[in-house]
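Beneath this line is the structure, given in structure tokens, with notes to follow.
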Amino acid sequence: MDLKSRIDLTHLPEHIAIIMDGNGRWAKRQGQPRVFGHRNGVKAVREATEAAAELGVKYMTLYAFSTENWNRPKFEINALMTLLVKTLRTEINTLNENDIRLEAIGDITKLPSQCYKELIEGIENTKNNKRMTLVLALNYSARWEITEAVKKIAEGVANKEILPEHIDKRIFENALTTKGIPDPELLIRTSGEARISNFLLWQIAYTELYFTKIFWPEFRKEHLYKAILDFQSRERRFGKTSEQIVK
Ligand code: FPP
């Protein structure tokens, strides 16, 4: 049986988050500049998005640019931003044809203006789509997000809109940029690195982590199927015992 037909469609992760890693190393291996890896990474983005939507996954979040990525060489940052603008421009129709809504998390107002404009247009043009939400994490880091949430809540307390004793999980989650988006059930990181790199720290409290050696530009539908099958083979206990889990 092929990988796809082994997936239990009644037990899909509702939200899959991906740390797309290894573009630079993949390019270097073939004697190409790092940017070649990013360009080829777009095909992998397409494959992952298509595969997730076809299966019936409701949310997919891609870590496309972190707040730390500004420390990369200026040439690479410019190339990544140009690639993003170009991809947003060319892929919006495909997103609409496939009923996929685009969303973004992160400090997007600080992106280059063309990139910000294209992103907002993409979000606006796809806002009524229902099949899946594709969330791009851009100029995102979890510590930035958590700090911003604390500021928002502190303002609420200062304005007497929030009582300190009323601060709970719900109030905190509503102050995050992921407000309204369920926590990821599965987090995939490519390229063999086994770390989280400041991604969705609050949201992954109970997420299943899946690390694969595949470099992001090589990522294809089969790799997503494999990750989902691995997820489906795990027992998720959320702090309970095996016996308490109703099968
Ligand atoms: C990590 O590889 C990848 C990135 C920082 C950027 C990912 C961007 C894309 C795939 C391009 C377009 C994206 C969208 C959503 C349209 P790396 O450069 O850190 O690789 P390395 O670890 O081998 O150096």
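The values are calculated or read from the model by the stated rules, or taken from the named source; none is laboratory data. Computed from a prediction, not measured in an experiment: that's the story for all the values here. Virtual Cβ from ideal backbone geometry, glycine too; neighbours counted across all protein chains shown. Accessible surface is based on the protein model in full, side chains and every heavy atom, while ligands, DNA and RNA are left aside. Shrake-Rupley method; radii C 1.70, N 1.55, O 1.52, S 1.80 Å.
If you check every pair at least six apart or on different chains, which have Cβ atoms under 7 Å apart with a residue in the stretch 228-240 that is within 17 Å of residue 17 (Cα to Cα) first and a residue that is surrounded by 10 or more Cβ atoms within 10 Å (Cβ to Cβ) and basic (Lys, Arg) second?
Hits for this filter: 229/6.
Each row is one residue, and each column tells you yes or no for (1) open to solvent by 70 Å² or more (accessible area, probe 1.4 Å); (2) under 17 Å from the mean Cα position of the chain (by Cα).
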position: 84; (1), (2): no, yes
position: 116; (1), (2): yes, no
position: 126; (1), (2): no, no
position: 132; (1), (2): no, yes
position: 149; (1), (2): no, no
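Scanning the stretch 52-66 for residues that are out of contact with any Gly (no Cβ under 8 Å at 6 or more places or on another chain) and within 9 Å of the ligand (Cβ to nearest atom), which turns out nearest to residue 95 (Cα to Cα)?
Top of the filtered list is 62.
Of these, 90, 49, 94, which one is surrounded by fewer than 19 Cβ atoms within 10 Å (Cβ to Cβ), within 11 Å of the ligand (Cβ to nearest atom) and among the hydroxyl-bearing types (Ser, Thr, Tyr)?
90
Could you tell me which numbered condition residue 25 fails, if it satisfies all but one of (1) within 16 Å of residue 221 (Cα to Cα); (2) open to solvent by 80 Å² or more (accessible area, probe 1.4 Å); (3) touching a Gly at 6+ places or on another chain (Cβ under 9 Å)?
The one condition residue 25 does not meet is (1).
How many residues does the stretch 207-223 hold that are touching a Lys or Arg at 6+ places or on another chain (Cβ under 7 Å) and of a type in the set (Phe, Trp, Tyr)?
Total satisfying the criteria: 2.
Answer yes or no as to whether residue 121 is away from the ligand (no atom under 12 Å from the Cβ), in a helix (DSSP H, G or I), touching a Ser or Thr at 6+ places or on another chain (Cβ under 6 Å) and free of Cβ contacts under 8 Å to residues at least 60 places away in the same chain.
no
Give the stretch 130-169 a look and list any residue that's assigned to a loop (DSSP other than H, G, I, E, B) and hydroxyl-bearing (Ser, Thr, Tyr), or say none.
Of everything in the stretch 130-169, just one residue is assigned to a loop (DSSP other than H, G, I, E, B) and hydroxyl-bearing (Ser, Thr, Tyr), namely 141.
Modelled with pLDDT of 95 or more and surrounded by fewer than 17 Cβ atoms within 10 Å (Cβ to Cβ): does that describe residue 154?
Here the answer is yes, as residue 154 does meet what is asked.
Output the number of residues of the stretch 170-219 satisfying the condition of being surrounded by 15 or more Cβ atoms within 10 Å (Cβ to Cβ) and part of a loop (DSSP other than H, G, I, E, B).
Going through the stretch 170-219 one residue at a time, the tally reaches 22.
Yes/no per residue for (1) of a type in the set (Gly, Ala, Ser); (2) closer than 23 Å to residue 173 by Cβ; (3) out of contact with any strand residue (DSSP E or B) (no Cβ under 7 Å at 6 or more places or on another chain); (4) in contact (Cβ under 8 Å) with a residue 24 or more places away in the chain:
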position: 57; (1), (2), (3), (4): no, yes, no, yes
position: 72; (1), (2), (3), (4): no, no, yes, no
position: 80; (1), (2), (3), (4): no, no, no, yes
position: 110; (1), (2), (3), (4): no, no, no, yes
position: 137; (1), (2), (3), (4): yes, yes, no, yes
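Got at least one residue in the stretch 167-188 being hydroxyl-bearing (Ser, Thr, Tyr) and under 19 Å from residue 45 (Cβ atoms)?
No: zero hits.
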